[in-house]
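A.B. asks: Got a structure for you, questions after.
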Amino acid sequence: MKELIARARDVAAWFRSTRDLPLTRDIVLFLVRAGLAWIFIYHGAGTLFGAFHQAGIHGETVYFQSQHLEPATFLTYVDGLTQFIGGIAIALGVFGRLAGFALAGDMIGAIVTITFAQGLVGPNGLGYQLNLALILPSLVLGFLGTGRFSLDELFRRTLTRREAPNSRSGAKTHATGQPVAPEHSSAS
């Protein structure tokens, strides 16, 4: 029994030691991205293309009209494109902050226009609980970004490498690679 307690303490100490590590943060952001991407790509593809046995543009437009949302066709395209493109952006980790905020906004719109009136769970389980559950991780990505395992980070590293050779010589450069004129200071 003492051995089991000691092992549990070791595991607890390990968890405490990893909670603030950058790698832990990046792994968690990657897992959040993977889950959100699948959900939003799934629903966006269903709205736009009728994929996964969903209604498609026409069916969603009819549903939006039944909820008195006008212009229904335009809102259906906005909803489907936001979810589909936002899901792909989060999956790849490109424009992740923008996609996170856009998807949170889409879910807030769904709550305000449709699901809030049905309550948290709703009569058929169609309340706003899923929207709320998707808003929070979307906001996490909006505020924290997509982490190290993303195209955003790859692009940032590539741009940093391009600037690095010029910075070794002490010459400052713009992101375009053009040299910046040296500043002259006057001693008083």
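A.B. asks: Residues that are of a type outside the set (S, T, N, Q) and surrounded by 14 or more Cβ atoms within 10 Å (Cβ to Cβ): which helices (runs of 4 or more DSSP H) entirely in region 1-92 hold 1 or more of them?
C.D. replies: Values: elements: 2-18, 22-49, 56-66, 72-92.
Ranges flagged: 22-49, 56-66, 72-92.
A.B. asks: Against the definition (in contact with a helix residue (DSSP H, G or I) (Cβ under 8 Å, 6 or more places away or on another chain) and in contact (Cβ under 8 Å) with a residue 12 or more places away in the chain), how does Val121 come out, yes or no?
C.D. replies: no
A.B. asks: Closer than 21 Å to Leu139 by Cβ and not basic (Lys, Arg): is that true of Ile111 in this structure?
C.D. replies: Against the criterion (closer than 21 Å to Leu139 by Cβ and not basic (Lys, Arg)), Ile111 qualifies.
A.B. asks: Still on this structure, please answer the following. Looking only at residues that are polar (S, T, N, Q) and crowded, with 17+ Cβ neighbours inside 10 Å in region 107-145, which one is farthest from Val28 (Cα to Cα)?
C.D. replies: Start the filter on region 107-145 by keeping residues that are polar (S, T, N, Q), which leaves 113, 115, 118, 124, 129, 131, 138.
Imposing the further condition that a residue be crowded, with 17+ Cβ neighbours inside 10 Å reduces the set to 115, 131, 138.
Values: Thr115: 29, Asn131: 21, Ser138: 13 Å.
Here the residue is Thr115.
A.B. asks: Okay, next question. Given the structure, is Thr115 modelled with pLDDT of 95 or more and assigned to a helix (DSSP H, G or I)?
C.D. replies: So Thr115 fails the test.
A.B. asks: Against the condition touching a residue at least 24 places away in the same chain (Cβ under 8 Å) and aromatic (Phe, Trp, Tyr), how does Phe84 come out, does it pass?
C.D. replies: For Phe84, the condition - touching a residue at least 24 places away in the same chain (Cβ under 8 Å) and aromatic (Phe, Trp, Tyr) - is met.
A.B. asks: May I pose another question? With the structure loaded, tell me whether Ala104 is over 29 Å from His68 (Cβ atoms), at pLDDT 95 or above and crowded, with 18+ Cβ neighbours inside 10 Å or whether it fails that test. Even if it seems obvious, please write down each step before you answer.
C.D. replies: Values: over 29 Å from His68 (Cβ atoms): no; at pLDDT 95 or above: yes; crowded, with 18+ Cβ neighbours inside 10 Å: yes.
Spelling it out, it is not the case that Ala104 is over 29 Å from His68 (Cβ atoms), at pLDDT 95 or above and crowded, with 18+ Cβ neighbours inside 10 Å.
A.B. asks: Among Leu130, Leu120, which is the only one that is in a helix (DSSP H, G or I) and not small (Gly, Ala, Ser)?
C.D. replies: From the options Leu130, Leu120, the qualifying one is Leu130.
The values are calculated or read from the model by the stated rules, or taken from the named source; none is laboratory data. Predicted, not measured: the structure shown is a model, and the values here were computed from it. FYI the Cβ positions are ideal-geometry reconstructions off the backbone, even for glycines, and counts take in every protein chain you see.
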